[in-house]
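The values are calculated or read from the model by the stated rules, or taken from the named source; none is laboratory data. These numbers come from a predicted model, not from an experiment. So basically every Cβ, Gly included, is an ideal-geometry build from the backbone, and we count neighbours across all protein chains shown.
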Amino acid sequence: MKNFEPSREVAIQSCIDVFKKEQGSQDFVPGESYIPVTVKSMNEEDLAYLIDASLDMWLTAGRYGREFESTLPEYFGRKTSALLVGSGSSANLIAISSLGAKMMDDLKLPRLQKGDEVITVAAGFPTTVNPIFQNGWKPVFVDVDDQTLNALPEKIEEAISKKTKAVVIAHTLGNPFRADQVSEICKKHGLYLIEDCCDALGATINGRPAGSFGEYATTSFYPAHHITTGEGGAVLSANGKFKRVAESMRDWGRDCWCEPGQDNTCKKRFEWTLGDLPPCYDHKYVYSNIGYNVKVTDMQAALGVSQIKRLGSFVEARRSNWKKLKEGIESSPKLKDRLTCVRATENTEPSWFGFPIFADPSLNREKIVSSLEENKVGTRLLFAGNLTKQPAYLEEDFRVVGDLKNTDKIMKHLFWIGVHPALNDQKIQYMLETLEKVISQQ
């Protein structure tokens, strides 16, 4: 436990005592205790950090925010400090929108224009794709591999046209796509790459962290994810130039880079003349981009500082639980011919977010998931299934290269169950037995 200021120790310990008392007994009762598909793993130290930050009453990002932004990059193989934002979706919005920011011109970086194309996949979460539409660009959808749920590098290269300017793809359910190969393709064709790592914190590709290959990487700290700050996320940048743009987009689009509560970091606050503004207009109120405000509180950041210390154990638990479920399904006479497990992408070490399973087409996937839920085993589908089929996108402008056969297969036949650190052998055994019972009933 961190050594807190003596004046705060009593208050923090009192809160911990209440926390321990209210946790109570959490014994697992098969068939009665619900096994959620995701959980938040919180402990006394998390609470202590949260209370410490709360007692500052600073509220917006402060000392814990600076610490978390400086600590996080090492987990992504980055040297440039991270930018904390309000969610993983906000992280995608900022990273993707940055590619079209006006400030890119000042930094001599090519920026995306209206009508440009961005390659992505339809088998995923909406907010990986929504900023492409919101910026007036055209998504180009390619199919995914049904063995790994990820886009194949060769499919991405086949989709490149004269209008293509970027590739934006998520590492699906913590199983990395070959970002090393995709990065080489992007360099060859002069494209930007954004890695959505919201489900994949801790994954590696050929020994390098997922999120270390693109101009930007994003991650999420929603309670369901590998570590949590409640709501929250982050943008990781390849270098200072890309960070400069994303920071402006995160902070209202302003030109100033002062931390919250600070003034005149540049030492020339009243000496700038930018745009058509009067000379020496206050730099704190100069806006070079059309941006947003998606910052975090220091309480959220404090949770991140505490949680990141346990990331290694969280990831190992997820990998171990995934392996136990895979071995259980593939060794079961009742399951092995009717359910198909997704495999890890070659030359990667996933940081599994869930355990995805294909049900044989002869089975009714909807009956499987409803029966599992009735038996207290939580389930999820692979998010939107096929985004092009969702009502929000039916009238939107996009392009599809090839067919989306495997994407449709995911939409119709795939579901997933949990691998989170709160599972134990008893719960995993019950999950496997329940799968056997449910599948045998069809």
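Brief remarks follow.
- Which numbered condition PHE141 misses (of (1) under 17 Å from the mean Cα position of the chain (by Cα); (2) within 26 Å of TRP416 (Cβ to Cβ); (3) buried (at least 22 other Cβ atoms within 10 Å of the Cβ); (4) of a type in the set (A, V, I, L, M, F, W, C)): (1)
- Residue count, segment 36-56 (criterion: aliphatic (A, V, I, L, M) and assigned to a helix (DSSP H, G or I)): 6
- Members of segment 111-130 found to be surrounded by fewer than 24 Cβ atoms within 10 Å (Cβ to Cβ), touching a helix residue (DSSP H, G or I) at 6+ places or on another chain (Cβ under 7 Å) and within 21 Å of VAL245 (Cβ to Cβ), listed by number: ARG111, THR127
- LYS243 vs. criteria among the basic types (Lys, Arg), assigned to a loop (DSSP other than H, G, I, E, B) and either more than 15 Å from ALA95 (Cβ to Cβ) or more than 15 Å from the chain's Cα centre (by Cα) (or both): no
- Residue that is part of a loop (DSSP other than H, G, I, E, B) and within 17 Å of LYS295 (Cα to Cα), where the choices are SER81, SER33: SER81
- Within segment 387-442, the set of residues being farther than 30 Å from GLU32 by Cα and among the small types (Gly, Ala, Ser) comprises ALA392, GLY402.
- Single residue of segment 1-18 satisfying the filter (over 12 Å from ILE51 (Cα atoms) and within 31 Å of the chain's Cα centre (by Cα)) that is modelled with the highest pLDDT: LYS2
- Residue in segment 63-72 that is touching a residue at least 12 places away in the same chain (Cβ under 8 Å), in contact with a helix residue (DSSP H, G or I) (Cβ under 6 Å, 6 or more places away or on another chain) and acidic (Asp, Glu) present: yes
- For segment 130-176, a residue qualifies if it is in contact with a Leu (Cβ under 8 Å, 6 or more places away or on another chain), among the aromatic types (Phe, Trp, Tyr) and touching a residue at least 40 places away in the same chain (Cβ under 8 Å), and exactly one does: PHE141.
- Flag for PHE270 being touching a Phe, Trp or Tyr at 6+ places or on another chain (Cβ under 9 Å), among the aromatic types (Phe, Trp, Tyr) and in the same structural domain as TYR222 (by TED's automatic domain parsing): no
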